[in-house]
There are 2 protein chains.
Amino acid sequence: MQSTTTRLVNRQAEMERDEDFEVDWVLLFDFEDLEIHHATDKYHTLIRDIEAFGLEAEVRHGHGTTLLTLIRIPRNKLGNEVYRSRVKDWLFGITHVRPLGDSSTVVDAATPSEEIRSVFHLVTWTKEQGGAGVTANFGQWRHVTASFSPHAWTANKRLLKQLSSKIVLRADDLDQIKALFGEKVSLHDVAFYYAFIQAYSLFLIVPATSGTLFWLFSRPYSITFGIVTCVWSIVFVEWWKRQEIDLSIRWDVKGVGALKVNRVQYAWEKEEIDSITGEARKIFPAHKRAARQLLFLPFAALAGVALSSVLMVTFLAEAIISDVYGEELANFWAVQYLPTILLAVSLPYITEFLTSIALRLSEYENHRTNDEFELAQVQKAFVLNFVTSFLPLILTAYVYVPCGSKLLPNFLPTSLQSRVPVKNFHIDAHRLQEEVISLSLAGQVINFGEEFVLPFLKRHLLEAYRRYKDAQQGKSLHQRMHSEYTKTLLVDAPQEESLLSRLRAEATATPYDVQEDIMEMCVQFGYLAMFGIVYPLMPLGFLINNWIELRGDFFKLISESQRPPPIRSDSIGPCISALEFLTWLGSLSTAALLYMYGGNSDVTDIHLGGLLLTVFIAEQAYLATKLTIRFIFDKIGSEAVRTEEATRRLVRKRYLETFSDEVAGASVRQEAHTYTTLHKRCAPVISDVEDSKEALPVISEVEETVRVRSEYKTERAERFWNQRKEFMGTAEAGVRLIVAIKAFLINVAT
Amino acid sequence: MQSTTTRLVNRQAEMERDEDFEVDWVLLFDFEDLEIHHATDKYHTLIRDIEAFGLEAEVRHGHGTTLLTLIRIPRNKLGNEVYRSRVKDWLFGITHVRPLGDSSTVVDAATPSEEIRSVFHLVTWTKEQGGAGVTANFGQWRHVTASFSPHAWTANKRLLKQLSSKIVLRADDLDQIKALFGEKVSLHDVAFYYAFIQAYSLFLIVPATSGTLFWLFSRPYSITFGIVTCVWSIVFVEWWKRQEIDLSIRWDVKGVGALKVNRVQYAWEKEEIDSITGEARKIFPAHKRAARQLLFLPFAALAGVALSSVLMVTFLAEAIISDVYGEELANFWAVQYLPTILLAVSLPYITEFLTSIALRLSEYENHRTNDEFELAQVQKAFVLNFVTSFLPLILTAYVYVPCGSKLLPNFLPTSLQSRVPVKNFHIDAHRLQEEVISLSLAGQVINFGEEFVLPFLKRHLLEAYRRYKDAQQGKSLHQRMHSEYTKTLLVDAPQEESLLSRLRAEATATPYDVQEDIMEMCVQFGYLAMFGIVYPLMPLGFLINNWIELRGDFFKLISESQRPPPIRSDSIGPCISALEFLTWLGSLSTAALLYMYGGNSDVTDIHLGGLLLTVFIAEQAYLATKLTIRFIFDKIGSEAVRTEEATRRLVRKRYLETFSDEVAGASVRQEAHTYTTLHKRCAPVISDVEDSKEALPVISEVEETVRVRSEYKTERAERFWNQRKEFMGTAEAGVRLIVAIKAFLINVAT
């Protein structure tokens, strides 16, 4: 026991020491499919570009045929980039107080995510945008297979510990996620995702409790529960839309969408000189893009038809098993559900496959900005998810159960038709409930396995295999004749061992992609809005699932994935429209289900006029409820918006009093700190480091990496970045490594 | 003929000379119901307040017991107010280039409306807001019964002439209206109103031509025409929403809603110190306001019920006349329509009466800002207009025609029941068409009479009567004993005669109110969207009506009304929501009418399920069409928005290059002039005076009043403002006039 604690303490100390090396960014250079002279040429160019831009580079060998290139940004360059980025925020109206200074001002980043965003810009932006122009996996740099910032190991662990000890996350916790990871990951939103899943889960408590009560004490298909679900879903979506604005103000990111840069993948056809700004505008004809976008229609239709056929076959198989062979298989009841279970297991794979095709379609559409690309991709993903997730239930509820007994016998093989007296052939309403449970709830469990358990196992097995191989390779490399210096390059120095093994693991991890997670929540919301009435315990199941999911996702983010670049965002993105669409469809669907299954009459014998009237009334009720709820929310207003407006008003007032920016800005900064309760709450993460000495321990840890940094903060860092350079340049060291590793591989092969 | 021309030339010269007196603002002080010493006290205070604030005042007698108080703003004060107002625009993000200068900078206004807006602020804003605090008809100043800027007579006449010679107004014409009158009148929008009616009329050409074709060549209730109308109305509303944004950019007013000041009528219950700005916030509890707002519901319900009863009685009377006495009255066919005609004539009066009650309700609701007050008032006005305009047609179409033959006989007096064999009692579908024509088209004609002809006659008769009385009064005043100086006060100097007679007429004219006109257009749009299908010639009628209406309204604005203070606005206001609502209801109504009246079956024998299905499908089609049209408009985008964004981008780019406001702003101003075609088009009205020398004659006329003004531009003005002051102060002159007039009146009375 004693030794475990000691080991833990040691481990902790080790992690902290790793961060002392001041590695800002890591590039992974993979030369597996390159000739030796090509590889050395390309590596030379890479290091020359980085060093010419004024960044420090250091090289170590990675797993197999890869080189880890570590990058450090000189403090003045970084501080100036942070300042420029703040000026840009002010120019684009994202922040309202003008940052004082001139073109050479250097400031400290307020949060790790702000710092890393500036690092990200300096490394990846093109030279015209003011960066070194290294874009991984693309064009000239397609052999740079990974480009990431190392995790802030200590802060991560503490944050994970803090989150897992809490039942409900508070705004502070979200602020810390945001401070560490920013609002966005590559295309998708991290902090906003956590805020969303948290808010959604809290909201779920209402239908979960009322659902349980209705399940216990009311008859099935209760109209009251239907109304509760519909109103709840409208309230949630409208509330979230406002909450997003509050959060974007809290995190100072309102309106960051205005800062658009072209995607590097964007291929333009001609350049036009803008008559006002005199800038070259890169044009890709809109009609061509529209034509390419149309391709999605046949694809979606095809997917829909194919899926419908699969479903029909499943239903048929199930009908044959249960209704035809029912008596013979009475002892093996599980066999009856086999087709549905097979369907539930295979649906996520089908979705994944279709989404990957959609991704290629979106790439082909050649969008100019990431926002447009994201919009196109989310729209496609939503359509596909809608088809795979809801089509089975829609077919069951509206076609199979009410009409199946009339339609199905026609499709039965003639050999079987004789076995079933057609008039006896009857599908009961219970069928819908079984289908809903297996697809929505069992689906979540399967998803969890696929999302967490499988990748975890896969990754750890792979990692073990790689270590084993590297150990062999290392031994063999030692035995070969190399210059003394190459040998020291090939062997990790003892003090760097822990750092490098972490970085190697992170370099091979997959980048964190939150889009699937957000889409999963949308689908879950859709199940609840459209079919919650069928099984009132559904929201309870979702609530439990989300509690685990939130923590699982965070564990995955910090332990299993590359650290995402903290791109900013002010919303969870186009999914909001999907949610709104689902509330609308949910109201119609709930009304229809209530009419069809809730009444006393048989579900196979429905009066179409009555059904239509019900749905028509439901739609008007939906529109009226939505307008009312919007009106009420607008009347209530938002404290965050009011505070923001008051702050802006103050700046203006001061300006009109003094006609001077300096006085207006300074006094507002002063008073905002003194007065605003909101800003007080955020102070630990958004204000200057000096103000936050008294903050929570975990936060001061987070800020550790931001502390005003002299050229080298620690002796370890100074040694790490300078020792080797006395003997040779980074490019040369890299070339030696490439040659040594290639030679070994050729040796092994022959 | 010769002499007429001479007279016209003389008149023209006279008008121009009147403008040389440099009267910036006029207040009308009415002391009819004041004791003589109260009147003199109050007038003393008024002049003291004005002069203490640094404005020049001059007094002349008005009609009857009124004094004209003429105000002139010293050039430096005015120029500084214009500058401060521009700085405020920049601070609130309405303009994007920072105006250079400090707290004492003086600039020239770019348009008459900008100048008059600053004059308006200086005279009417409270002392805290930076004005003299003279608010007509309210509190301390409730004896100031009119407060206005004199019309720019010359520019007005030329503009009217220019407009009346054109069939279609171009954007330039609208720019000039905007330059003269601003975007808004008291609460409502002038330039936006003209832009709207112009755009709407142009759009009307589509349904007008297609309607005429359908009327000539197709059978009634054509489905195609129904679809044309519905799609047209959706396209128009969506287009206009975007057009509004374009116009607001063109006129540099985008986002002026942010500049809110409290209404002077706002009565707060407590003051709270804002924790951020330290300003006192005036609070009126929201729940009290909500409770007061609820009062409107019973009022609207009552109005609806009362109106329905009136309608029912009308229908009953008409049914009795035509169906019961039909044969006996066959020779007097007009008698049959008497009830409907009575209804059509009285509806505008009913609407006006209800709106005046609504106005008092809105006042009682105690809104803080003019925007909120306007919203509340327009919402009420829309509900009332909806009830009075559409209820008759809705009742006719959906109740009276289909069910009337079953229902009506029960309401017939028993004495008549015997006369009609119940089964013969039949109302035919033609009834609806007659009702639609009489309410929509005849309604417009009646409206025109009420709006233009009656007020015109009334005003001119009243004016003649006043002149006659003043002449008598003047004669009598002369005969009395007054000091020599009082006598010169009582008699208009020959060179001032023309100016003063104009100002007296303007002071008694009613302020221009455009709200009714906008609402009238909304109602017209509603008729077309909901019942256009009934009578395809309707849009043609509307088109003709609007062509006259636009010119009539402009004539009324410049000849029959006080000049409105040029308050800015960036939209036609909450009417947009009303238009959207009408497109929705129009789609449902058109579908229902097509199903009921368009088929071959009898209208009294309708299948409810079929009707429901039709309306349900129409609603989904409406939603889908709207989304599609929005999507297409968004894809097309707006040139004005793109230009604006490019200009902002340029400012930012320059700023990032130089880190200096001066360079960024100046170069953008430079280049915006050189490059932007949009700005070029606007240049005559929005740019500096120097640039517009080569502009159209009428524009240089408009700018005449803006030309850099030395302390006094003309000798006439200098004499006018200084001559009398050598003898006595303005307050004293006013007191003498009050005493003289009061004494005369007492003399007449006894």
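Only one of these conditions is not met by A:Pro536: (1) closer than 30 Å to A:Cys403 by Cβ; (2) within 14 Å of another protein chain (Cβ to nearest Cβ). Which number is it?
(2)
Which of the residues belonging to the range A:299-332 are acidic (Asp, Glu) and modelled with pLDDT of 75 or more?
Pass one, the range A:299-332, residues acidic (Asp, Glu): A:318, A:323, A:327-328.
Matches in the range A:299-332: A:Glu318 only.
State all residues of the range B:572-594 that are over 14 Å from B:Val231 (Cα atoms), among the hydrophobic types (A, V, I, L, M, F, W, C) and under 18 Å from the mean Cα position of the chain (by Cα); if no residue qualifies, say none.
Scanning the range B:572-594 gives B:Ile572, B:Cys575, B:Ile576, B:Ala578.
Has the range A:591-607 got at least one residue that is of a type in the set (A, V, I, L, M, F, W, C), within 14 Å of another protein chain (Cβ to nearest Cβ) and without any contact (Cβ under 8 Å) to a residue 60 or more places away in the chain? Explain how you work it out, then say what you get.
So in the range A:591-607, the residues of a type in the set (A, V, I, L, M, F, W, C) come out as A:591-594, A:596, A:603, A:606.
Right, trim to within 14 Å of another protein chain (Cβ to nearest Cβ) and you get A:591-592, A:606.
When the remaining residues are screened for being without any contact (Cβ under 8 Å) to a residue 60 or more places away in the chain, the result is none.
No.
Would it be correct to say that A:Ile617 is assigned by TED's automatic domain parsing to the domain that holds A:Leu247 and over 31 Å from the mean Cα position of the chain (by Cα)?
Working: assigned by TED's automatic domain parsing to the domain that holds A:Leu247: yes; over 31 Å from the mean Cα position of the chain (by Cα): yes.
Yes; evaluated as a whole, the condition is true for this residue.
Which condition does B:Val253 not pass, out of (1) in a loop (DSSP other than H, G, I, E, B); (2) crowded, with 18+ Cβ neighbours inside 10 Å; (3) within 14 Å of another protein chain (Cβ to nearest Cβ), if it passes all the others?
All conditions pass for B:Val253, except number (3).
Which one of the conditions (1) in contact with a helix residue (DSSP H, G or I) (Cβ under 7 Å, 6 or more places away or on another chain); (2) within 12 Å of chain A (Cβ to nearest Cβ); (3) farther than 30 Å from A:Ala618 by Cβ does B:Gly552 fail to meet, given that it meets all the rest?
(2)
Return yes or no: is A:Trp215 part of a helix (DSSP H, G or I), at pLDDT 80 or above, away from chain B (no Cβ under 14 Å) and farther than 30 Å from A:Leu384 by Cα? Steps first, answer last, please.
Numbers: part of a helix (DSSP H, G or I): yes; at pLDDT 80 or above: yes; away from chain B (no Cβ under 14 Å): yes; farther than 30 Å from A:Leu384 by Cα: yes.
Spelling it out, A:Trp215 is indeed part of a helix (DSSP H, G or I), at pLDDT 80 or above, away from chain B (no Cβ under 14 Å) and farther than 30 Å from A:Leu384 by Cα.
Can B:Leu342 be described as at pLDDT below 80 and either assigned to a helix (DSSP H, G or I) or more than 21 Å from B:Thr314 (Cβ to Cβ) (or both)? Please lay out each step first, then the result.
Numbers: at pLDDT below 80: no; either assigned to a helix (DSSP H, G or I) or more than 21 Å from B:Thr314 (Cβ to Cβ) (or both): yes.
Against the criterion (at pLDDT below 80 and either assigned to a helix (DSSP H, G or I) or more than 21 Å from B:Thr314 (Cβ to Cβ) (or both)), B:Leu342 does not qualify.
Being modelled with pLDDT of 85 or more, assigned to a helix (DSSP H, G or I) and either more than 22 Å from the chain's Cα centre (by Cα) or not assigned by TED's automatic domain parsing to the domain that holds A:Ala621 (or both): is that true of A:Gly532 here? Lay out the reasoning, then the answer.
Values: modelled with pLDDT of 85 or more: yes; assigned to a helix (DSSP H, G or I): yes; either more than 22 Å from the chain's Cα centre (by Cα) or not assigned by TED's automatic domain parsing to the domain that holds A:Ala621 (or both): yes.
Yes: the conditions hold for A:Gly532.
Could you check B:Ala640 against (1) at pLDDT below 75; (2) more than 9 Å from chain A (Cβ to nearest Cβ) and say which number it fails?
For B:Ala640, the exception is condition (1).
Within the range B:387-414, track down each residue that is aromatic (Phe, Trp, Tyr), within 19 Å of B:Asp602 (Cα to Cα) and at pLDDT below 85.
In the first step, residues of the range B:387-414 are kept if they are aromatic (Phe, Trp, Tyr); the result is B:390, B:398, B:400, B:411.
Remaining after also requiring within 19 Å of B:Asp602 (Cα to Cα): B:398, B:400.
Listed by number, the list holds a single entry, B:Tyr400.
Restricting to the range B:266-282, count the residues that are within 13 Å of another protein chain (Cβ to nearest Cβ) and either in contact (Cβ under 8 Å) with a residue 40 or more places away in the chain or of a type in the set (A, V, I, L, M) (or both). Before you say what the answer is, go through the steps one by one.
Step one: list which residues in the range B:266-282 are within 13 Å of another protein chain (Cβ to nearest Cβ), which gives B:272-281.
In the following step, the residues that additionally are either in contact (Cβ under 8 Å) with a residue 40 or more places away in the chain or of a type in the set (A, V, I, L, M) (or both) were identified as B:273, B:276, B:280.
The total comes to 3.
Counting only residues that are within 32 Å of the chain's Cα centre (by Cα) and of a type in the set (S, T, N, Q), which one in the range B:626-646 is surrounded by the most Cβ atoms within 10 Å (Cβ to Cβ)?
B:Thr643
Give just the number: which of (1) outside any helix (DSSP H, G or I); (2) touching a Gly at 6+ places or on another chain (Cβ under 6 Å) does B:His367 not satisfy?
If we test B:His367 against (1) outside any helix (DSSP H, G or I); (2) touching a Gly at 6+ places or on another chain (Cβ under 6 Å), just (2) comes out false.
Report whether or not A:Asp246 is farther than 27 Å from A:Met519 by Cβ, acidic (Asp, Glu) and in the same structural domain as A:Leu375 (by TED's automatic domain parsing).
Details: farther than 27 Å from A:Met519 by Cβ: no; acidic (Asp, Glu): yes; in the same structural domain as A:Leu375 (by TED's automatic domain parsing): yes.
Considered against the rule, which asks whether it is farther than 27 Å from A:Met519 by Cβ, acidic (Asp, Glu) and in the same structural domain as A:Leu375 (by TED's automatic domain parsing), A:Asp246 comes out as no.
Taking the range A:289-308 only, how many residues are without any contact (Cβ under 8 Å) to a residue 24 or more places away in the chain and loosely packed, with under 13 Cβ neighbours inside 10 Å?
Residues of the range A:289-308 without any contact (Cβ under 8 Å) to a residue 24 or more places away in the chain: A:290-291, A:294, A:297-298, A:301-302, A:305-306.
Those still in the list that are loosely packed, with under 13 Cβ neighbours inside 10 Å too: A:290-291, A:294, A:297-298, A:301-302, A:305.
So the answer is 8.
The values are calculated or read from the model by the stated rules, or taken from the named source; none is laboratory data. None of these values were measured; they are calculated from a predicted model. All Cβ positions, even for glycine, are placed from backbone atoms using ideal geometry, and neighbour counts span all protein chains on display.
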